[in-house]
Amino acid sequence: MLEQARRWATTATVAAAAGAVGLVGAIPAAAAGTDNGDDHATVVNCFHNPLALQPAIDGAAPGETLLVKGTCVGPFTFSVDKNLTVTGQKHSTLNGNRAGSTVTVAAGVRLRLSHLTITNGTGTPDDATGQGGGILNNGTLTLTESNVAGNHANNGGGIWNAPGATANLFRSVVRHNTAADSGGGVRNQGTFTLSESTVNDNSAANGGGLANFGSMTLSGSKVRDNYADNGGGIFNANALTLNHSTVTRNTASLRGGGIYSEGGTVNLSGSEVRHNTANGGAGSGGGIFNSGATVTLDRSAVRDNRPDNCAPTGSVTGCTG
């Protein structure tokens, strides 16, 4: 088993190194202090033992910081109601080993992940409702300067944020994830924020990049080069807000190249929906397809989309062509 885990670890390390985008480098252990003010972090050396992280999680004290080195092979479950921080050194990786969600966060858990690549997750195995390939969050999750890449699930290929859960992404990338149903990058059922983050090159039937059924806010973020049947960039069914963000170069085979909103609200402020494509013919909403939603444009542009910017005609005030 250990030899097999080492082979998985080697594969994941190569893949992660090839795919890493803009991640911060080494973090001194002294800089990764615990929440209670202790500047000492517990080092988890997965170079020496790829299976070392889960026992460290189980044995950690509330508020402790775990400093990860190398590729840790999981999957990993945070099931105890306590605050924890897991920080990677250099290009550290959490590899789900294609055995379920790479990271599962239970209700009541507050977890901080930083400087990590989270990969090779598959959601719930052999389950048509499999959720959260990379991360299945039922608690409160903060993800900083990390990659969620190369995961798959039926819903939420990269991340599933459950009803009542909260997820905050800062300067992170969600990319190259897939979902059979919705949310290639992220499916949100709770409260989700993305700040200075990028969601790119994900795919799903609905919401190639993002599928929102809760409350989702993007600030200074990019949704680009994603693909879906409906909602190439974003599929929205509840409350979606974009502040100073861009939705570009996404593609839908049917409707809503940039954004497809099925009811709910979409508020764009200082944002742009541009160069997206819907291949459903005239009226398919290359930029935005609005199906009964309230869409508001405040100092925002929807332009240069194909075959049209907004559909049906007149459904988005201030959007023409």
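The values are calculated or read from the model by the stated rules, or taken from the named source; none is laboratory data. All figures in this text were calculated on a predicted structure; none of them were measured in a lab. When we count neighbours, we look across all protein chains shown, and the Cβ atoms used for this are built from the backbone with ideal geometry, even at glycine.
For the reader, a short list of remarks on this structure follows.
- Residue match in segment 202-210 (condition: in a loop (DSSP other than H, G, I, E, B), surrounded by 20 or more Cβ atoms within 10 Å (Cβ to Cβ), within 12 Å of the chain's Cα centre (by Cα) and assigned by TED's automatic domain parsing to the domain that holds G133): no
- Condition met for G281 (closer than 11 Å to R255 by Cβ, touching a Cys at 6+ places or on another chain (Cβ under 8 Å), assigned by TED's automatic domain parsing to the domain that holds G232 and in a loop (DSSP other than H, G, I, E, B)): no
- Residue within segment 223-235 that is under 12 Å from the mean Cα position of the chain (by Cα) and not aromatic (F, W, Y) present: yes
- Flag for R224 being of a type in the set (K, R) and in contact (Cβ under 8 Å) with a residue 40 or more places away in the chain: no
- Against the test of being of a type in the set (A, V, I, L, M, F, W, C), in a loop (DSSP other than H, G, I, E, B) and either closer than 25 Å to G220 by Cβ or assigned by TED's automatic domain parsing to the domain that holds G70 (or both), the options A180, A107 yield a single qualifying residue, A107.
- Segment 134-170: number of residues that are closer than 18 Å to R224 by Cβ and free of Cβ contacts under 8 Å to residues at least 40 places away in the same chain: 3
- Pair list, Cβ < 9 Å and 6+ apart or interchain, from segment 255-270 residues that are basic (K, R) to residues that are outside any strand (DSSP E or B): R255/G231; R255/G280; R255/G283; R255/S284; R255/G285
- Members of segment 140-151 found to be surrounded by 22 or more Cβ atoms within 10 Å (Cβ to Cβ) and at negative phi, listed by number: L141, L143, S146, N147, V148, A149, N151
- Qualifying positions in segment 62-88 - of a type in the set (S, T, N, Q) and out of contact with any helix residue (DSSP H, G or I) (no Cβ under 8 Å at 6 or more places or on another chain): T65, S79, N83, T85, T87
- Taking each residue of segment 104-123 that is at pLDDT below 95 and looking for partners that are outside any loop (DSSP other than H, G, I, E, B) and of a type in the set (F, W, Y) with beta-carbon atoms closer than 9 Å, six or more apart or interchain, yields G123/W160.
- Looking only at residues in segment 83-103 that are within 14 Å of the chain's Cα centre (by Cα) and among the hydroxyl-bearing types (S, T, Y), the one that is surrounded by the most Cβ atoms within 10 Å (Cβ to Cβ) is T102.
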